[in-house]
1. Taking strands (runs of 3 or more DSSP E) that fall entirely within the range 69-138, which contain at least 3 residues that are touching a strand residue (DSSP E or B) at 6+ places or on another chain (Cβ under 6 Å)?
2. For residue 155, state whether it is surrounded by fewer than 13 Cβ atoms within 10 Å (Cβ to Cβ), modelled with pLDDT of 95 or more, over 14 Å from the mean Cα position of the chain (by Cα) and within 21 Å of residue 58 (Cα to Cα).
3. Residues to consider are 88, 176; find the one that is modelled with pLDDT of 95 or more and buried (at least 18 other Cβ atoms within 10 Å of the Cβ).
4. Out of the residues in the range 29-51 meeting the condition of being modelled with pLDDT of 75 or more and assigned to a loop (DSSP other than H, G, I, E, B), tell me which one is surrounded by the most Cβ atoms within 10 Å (Cβ to Cβ).
5. Which condition number does residue 122 fail, the rest of (1) touching a residue at least 40 places away in the same chain (Cβ under 8 Å); (2) surrounded by 15 or more Cβ atoms within 10 Å (Cβ to Cβ) being met?
6. Being in a strand (DSSP E or B), loosely packed, with under 14 Cβ neighbours inside 10 Å and touching a strand residue (DSSP E or B) at 6+ places or on another chain (Cβ under 7 Å): is that true of residue 150 here?
7. Specify which of the listed residues (91, 67, 138) is over 30 Å from residue 192 (Cβ atoms) and touching a residue at least 40 places away in the same chain (Cβ under 8 Å).
8. Please pick out the residue among 132, 71 that is surrounded by 13 or more Cβ atoms within 10 Å (Cβ to Cβ), under 16 Å from the mean Cα position of the chain (by Cα), modelled with pLDDT of 90 or more and under 21 Å from residue 58 (Cα atoms).
């Protein structure tokens, strides 16, 4: 039989149930695609996406930020298990490569810099990974800042992440709200580690 392309919408057994076998004993079946888990499963795309937000305005330093909730509007969505948060510290549901974004709303008053700092612990203490800052030289500045990082989570027991409010002084605010995102954190698992 000549090589060719088979195009179908669905393949089923003649009885409607049972096993479909590709090829015969001793033959090789070549499948084009990306495999994961040691080459036994096809890459499934994004298997985890989750978003959290700060629920109230912050007016003082907070290490970590603890006024957090999972975004819960009726149209919001989560893929997979999602992150676990306890006292401002986030735990990853599975190992993998994660893309994490930070959106922070600021009101900087006077000659100050304020920020949301992202710290990651891989088992030996927290290290600074990302900084989203705002500042004002004179007067008041209201703005939003964005940051992101890609993190290789190789061990869910030791790899943690937290966000801290820093540089807060009189008149400075990091915005929060329980009804919409003013300061928010998004976690997307891109694939296997």
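1. Correct list: 89-91, 96-109, 112-121, 126-136.
2. No; evaluated as a whole, the condition is false for this residue.
3. 176
4. Here the answer is 47.
5. Of (1) touching a residue at least 40 places away in the same chain (Cβ under 8 Å); (2) surrounded by 15 or more Cβ atoms within 10 Å (Cβ to Cβ), only one is false for residue 122: (1).
6. Yes.
7. The conditions single out 67.
8. Checking each option against the conditions leaves just 71.
The values are calculated or read from the model by the stated rules, or taken from the named source; none is laboratory data. All values reported here derive from a predicted model rather than from experimental measurement. Glycine also receives a Cβ, built like all others from the backbone with ideal geometry; neighbour counts cover every protein chain displayed.
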